[in-house]
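Here the structure is laid out as structure tokens; the discussion comes afterwards.
FYI, it's all coordinate maths here, none of it is from the lab. Keep in mind that what you see is a predicted model, and the values were worked out from it rather than measured. Note: ideal-geometry Cβ built from the backbone for every residue, glycine included; neighbour counts use all protein chains shown.
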Amino acid sequence: MPYNHILVAVDLTEECDPVIHRARELSVSNGAKLSLVHIVEPMAMAFGGDVPMDLSQLQQQQFDQAKERLERLKHKYAELEGANCHLTYGQPRQEIHHFAKEQQCDLVVVGSHGRHGLALLLGSTANDVLHGAPCDVLAVRLQNKS
Ligand code: AMP
């Protein structure tokens, strides 16, 4: 059965190249719709909860920066033309699952570093997304930085 709607999750780094290419290839070969999502993690979340200062301005800057990077990405990859690009706040796993369910995606494509040792114990977004995913998940192997 071909996929109908593929969701590619990107962290907006240079590393998302192979992830986008793979998702695009699959969308063409399956005749599937392609959507892209990036999640901006709230700063308070990154600091582990309560932070005794107002982070709203920094948070807005972070969101604006992500918006700019997403625009640059859309210009860089002609293959994203026509793709439904989505930017939101939250926790990546939760938001990716939510979006996939809401938009009835049948495949989520993420990058994976194939971590080992301590990094493996700490987990990864790809692992996180796999658990409890509402559809198939493809982890595209990324080069580990040495
Ligand atoms: P990481 O485990 O953080 O190295 O990320 C691995 C992959 O998870 C990335 O290549 C993306 O596909 C996805 N990912 C990580 N962070 C985000 C994010 N904030 N929004 C959407 N996808 C993400």
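Report the Rg/Rh value for the chain, based on alpha-carbon coordinates and the Kirkwood definition of Rh.
0.97
Based on the mean of other beta carbon atoms within 10 Å per residue, what is the order of 93-104, 58-69, most packed first?
Output ranking for 93-104, 58-69: 93-104, 58-69.
For ALA78 and GLU14, what is the calculated FRET efficiency with R₀ set at 22 Å and r taken between the beta-carbons, to the nearest 0.05?
Efficiency computed from Cβ-Cβ geometry: 0.80.
Which order do ARG141, ARG24 fall in if you start with the one that has the fewest other Cβ atoms within 10 Å?
Going from least to most buried by this count: ARG141, ARG24.
R0 = 25 Å: FRET efficiency of HIS21 with ASP136, Cβ-based, nearest 0.05?
Using R0 = 25 Å, I get an efficiency of 0.85.
Below 10 angstrom from the Cβ of CYS105, what's the summed charge of the other residues (Lys, Arg +1; Asp, Glu -1)?
Value of the local net charge: -1.
What dipole magnitude, in Debye to the nearest 20, does the chain give about its Cα centre under +1 on Lys/Arg Cβ and -1 on Asp/Glu Cβ?
Approximately 340 debye in magnitude.
Given H placed 1.01 Å from N in the peptide plane, which residues other than close sequence neighbours of ASP136 have an amide H under 5 Å from its amide H?
Residues meeting the criterion, in which the H sits 1.01 Å from N, are VAL108.
Run the numbers for HIS98 and SER29: contour at 0.36 nm per residue of separation, minus the present Cα-Cα distance, in nm.
Value of the extension gain: 22.3 nm.
Applying the Karplus parametrisation 6.51 cos²θ - 1.76 cosθ + 1.60 with θ = phi - 60° to the phi angles of the stretch 85-97, what ³J(HN,Hα) value in whole Hz is obtained for each residue in order, glycine and proline being reported as x?
Coupling constants for the stretch 85-97: 9, 9, 10, 8, 8, x, 9, x, 4, 4, 5, 5, 4 Hz.
Using only DSSP helix segments of four residues or longer, with each worth -39500 (n - 2.57), what per-residue ellipticity at 222 nm results for the chain after dividing by its residue count and rounding to 500?
-12500 deg cm²/dmol
Would you grab the residues whose amide H sits under 5 Å from the one on LYS33? Only those 5+ places off in sequence or on another chain, please, with H modelled 1.01 Å from N.
Counting only residues 5 or more places away or on other chains, the set is HIS5, ILE6.
List the residues whose amide H sits under 5 Å from the amide H of CYS85, counting only those 5 or more places along or on another chain, with H placed 1.01 Å from N in the peptide plane.
LEU36
Tell me, what HN-Hα J-couplings in whole Hz come from the Karplus equation 6.51 cos²θ - 1.76 cosθ + 1.60 at θ = phi - 60° for each residue of the stretch 132-137, using x for Gly and Pro?
x, 5, x, 7, 5, 10
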